[in-house]
Amino acid sequence: MEKVSSASTKVKVDKGELDRMMMMNREKAPTHHAYYSEDGNNEFLITDRILVSFKKELKDEKVDAFAGKYGLLKLEKYTDKDYLFLVTEHTGINPVKLVVKLTEDEPLVAYAENDLTQRMKKYSLTLPADTVYNNQWHLHKNFVNIDFDQRSSSRCDEAWILLDNFGVSDVVIGVTDDGCKLDHGDFDSVNKFATWGYMSGSQLITKSDINANPNKMYTAGANHGTSCNGVIAAEADGILTVGAAPNCKLSPIKWESDGPSLFISDSKFLTVLNYIGDKVDVLSNSWGSSPTSFWSTVVVNKITQLAQNGGRRGKGIVFLFAAGNENCPISHDSNLNIPYDDGWSFFSNSWHWVGVKTSRHFAHNLVGIPGVMHVAALASNAQRSHYSNYGTGIDISAPSSNMHSYSRLTVRGLGICTTTGESTGIDLEFGGTSSATPLVAGIAGLVISSNPNLTAMEVISILKQTASKDLNMQGYSRTPSANFDTNTSWDISPVTPHNTGAFKNIGSPDGTWSSWFGYGKVDAFEAVKKAKSMLAVNNTNSVKIISALVNP
């Protein structure tokens with residue numbers, strides 16, 4: 001028995017007992033079968049009351065005659081046309097059938113409805129009050145700016161409300177990058193970091209090692225990893241910034257680095273994979289190279305294996321990689337010379353145009369591995385970020401910054417507000433596919449928080465199937481000439497057949513696909529909603545609900 005209102009009880013019985021229990025209860029109180037809506041199987045809890053709206057104002061005698069005709073008692077008069085009636089034993093049919101009869105056959109009635117018992121969930125979750133949360137347009141739609149199109153938001157706030165939390169601390173998201181400022185104000189809750197580690201030569205020093213030094217997780221000036229961690233899980237604690245999954249734990253791994261370069265070898269990557277193999281649910285990697293990126297067979301095999309059965313839950317790790325910011329394909333062969341860098345170089349204390357580097361062959365051997373997603377960038381106006389790589393291998397896109405790949409055109413787009421290791425604690429202009437990737441990682445954390453039974457493959461499928469395709473398909477003008485570069489015929493990206501963002505059928509069970517956006521823009525709300533529905537289906541399959549009684 002389950003109480004569903006101050007005067008109603010829902011009862012589950014064995015199938016063989018249903019008729020006997022119905023008869024027994026009807027001798028004691030109004031009793032009906034439980035109903036469920038056909039779409040979504042939501043409960044439809046009827047009572048012994050109906051709401052009736054008449055087509056025109058009726059005199060009291062007419063209303064009384066109507067009540068007598070159908071064996072009803074008048075309970076309330078709300079307006080000259082709207083009434084609440086009590087169904088009695090003399091009505092002869094249950095309230096559902098009565099509503100149908102009055103709506104279809106009674107000439108006096110405009111419409112009749114059941115006075116349903118509504119079990120509403122308390123939305124006790126208070127949305128973040130952190131300093132810059134209102135400006136974090138990539139998390140919510142409540143931002144007003146000429147360069148913000150609501151279609152670009154990931155809708156994390158709606159996902160939090162649906163979850164009634166900010167993700168759960170049992171979900172761990174790993175980040176391999178240039179480190180993380182562990183004592184940042186947005187990461188200061190107890191046990192925010194499930195683990196951490198840093199490379200020292202060929203050795204990985206981890207949190208549990210006796211010689212581990214947390215201060216070595218951050219190097220002044222190397223803020224990329226701190227920003228990525230913030231995009232994922234900066235805490236909703238009333239200060240600074242908020243991440244996509246504020247309550248999830250983090251596991252940052254620091255590569256050795258120098259400026260924009262990370263020093264990663266196959267053996268070092270394998271060392272990190274072996275370490276995090278049973279410690280994380282998601283692994284975010286905001287780095288790469290173009291036009292090609294090849295990992296050894298042993299690394300590829302390890303990633304393939306961990307995506308299948310690795311991770312904390314043994315259900316696989318969701319691997320996420322930044323698609324890159326070179327405005328070039330990631331998997332494509334062409335007879336054209338396609339640029340893959342910005343054409344600028346800094347020397348003699350100044351920037352110089354040296355011309356773009358080009359290639360006809362683009363390949364990344366992690367493309368197509370089940371369990372691995374490559375993430376493209378979407379500008380705040382819901383348009384493809386000009387710099388974002390494209391083409392075969394792009395799995396999904398996420399909101400990020402925008403800028404012209406060759407620094408010649410003004411393009412529309414806002415930066416991402418997140419954490420930094422600098423004294424301000426806040427970076428107002430983070431971006432690139434480097435920012436898009438950890439955002440998807442945080443949303444994957446929300447999906448797992450809503451349904452921990454999901455495998456990594458199911459999480460990825462959910463992210464793809466629920467991704468939004470309502471996006472800005474507009475392209476960009478070609479690079480204009482300048483006094484240092486009068487012939488810009490080299491600017492040919494995006495190249496055919498990837499020169500349009502239109503979604504097309506590629507025979508995938510996860511839906512249509514776009515060369516620019518993959519399966520679409522990540523949608524946290526829809527992804528969490530689908531994950532929760534799959535959990536409900538599993539629960540229903542494990543505990544069969546035969547029938548129920550309602551005692552209004």
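A few points about this structure:
- Some residue of the range 278-285 being over 26 Å from the mean Cα position of the chain (by Cα), over 20 Å from Asp183 (Cβ atoms) and crowded, with 21+ Cβ neighbours inside 10 Å: no
- Check on Val109, in contact with a helix residue (DSSP H, G or I) (Cβ under 8 Å, 6 or more places away or on another chain), of a type in the set (A, V, I, L, M) and at negative phi: yes
- The lone exception for Ile416 - which of (1) modelled with pLDDT under 95; (2) within 30 Å of Lys279 (Cα to Cα) it fails: (1)
- Failed item, numbered, when Gly324 is tested on (1) in contact (Cβ under 8 Å) with a residue 40 or more places away in the chain; (2) assigned to a strand (DSSP E or B); (3) not aliphatic (A, V, I, L, M): (2)
- Tallying residues that are surrounded by 24 or more Cβ atoms within 10 Å (Cβ to Cβ), closer than 26 Å to His140 by Cβ and β-branched (Val, Ile, Thr) within the range 231-262 yields 4.
- Close contacts from the range 490-515, counting a first residue that is in contact (Cβ under 8 Å) with a residue 40 or more places away in the chain and more than 25 Å from Pro480 (Cβ to Cβ) and a second that is open to solvent by 30 Å² or more (accessible area, probe 1.4 Å) and among the hydrophobic types (A, V, I, L, M, F, W, C), with Cβ to Cβ under 6 Å and a gap of 6+ residues or different chains, come to Thr512/Phe503; Ser514/Phe503.
- Odd one out for Thr500, checked against (1) modelled with pLDDT of 95 or more; (2) within 15 Å of the chain's Cα centre (by Cα): (2)
- Of all residues in the range 10-51, those being open to solvent by 30 Å² or more (accessible area, probe 1.4 Å), farther than 15 Å from Asn94 by Cβ and not hydrophobic (A, V, I, L, M, F, W, C) number 17.
- Selected residue (criterion: nearest to Trp255 (Cα to Cα)) from residues of the range 162-183 that are open to solvent by 10 Å² or more (accessible area, probe 1.4 Å) and under 13 Å from the mean Cα position of the chain (by Cα): Phe166
- Summed over the range 455-492, the residues that are charged (D, E, K, R) and open to solvent by 60 Å² or more (accessible area, probe 1.4 Å) give a count of 4.
- Some residue of the range 289-296 being within 25 Å of the chain's Cα centre (by Cα), surrounded by 22 or more Cβ atoms within 10 Å (Cβ to Cβ) and touching a residue at least 40 places away in the same chain (Cβ under 8 Å): no
- Where a residue in the range 216-236 is within 20 Å of Thr206 (Cβ to Cβ) and its partner, wherever it lies, is part of a helix (DSSP H, G or I) and hydrophobic (A, V, I, L, M, F, W, C), with Cβ under 6 Å and at least six apart: Ile232/Ala441
- Enumeration of residues in the range 38-54 that are modelled with pLDDT under 80 and within 18 Å of Ala112 (Cβ to Cβ): Phe44
- Hits in the range 307-338 (condition: among the aliphatic types (A, V, I, L, M), more than 22 Å from the chain's Cα centre (by Cα) and open to solvent by less than 40 Å² (accessible area, probe 1.4 Å)): Ile330, Ile338
- Restricting attention to the range 372-385, the residues being crowded, with 24+ Cβ neighbours inside 10 Å and either over 21 Å from the mean Cα position of the chain (by Cα) or small (Gly, Ala, Ser) (or both) number 5.
- The set of residues in the range 289-325 that are more than 27 Å from Gly432 (Cβ to Cβ) and among the hydrophobic types (A, V, I, L, M, F, W, C) contains only Val298.
The values are calculated or read from the model by the stated rules, or taken from the named source; none is laboratory data. Keep in mind that what you see is a predicted model, and the values were worked out from it rather than measured. Virtual Cβ from ideal backbone geometry, glycine too; neighbours counted across all protein chains shown. When the accessible area is computed, the model is the full protein with side chains, heavy atoms only, and any ligands, DNA or RNA have been set aside. Shrake-Rupley method; radii C 1.70, N 1.55, O 1.52, S 1.80 Å.
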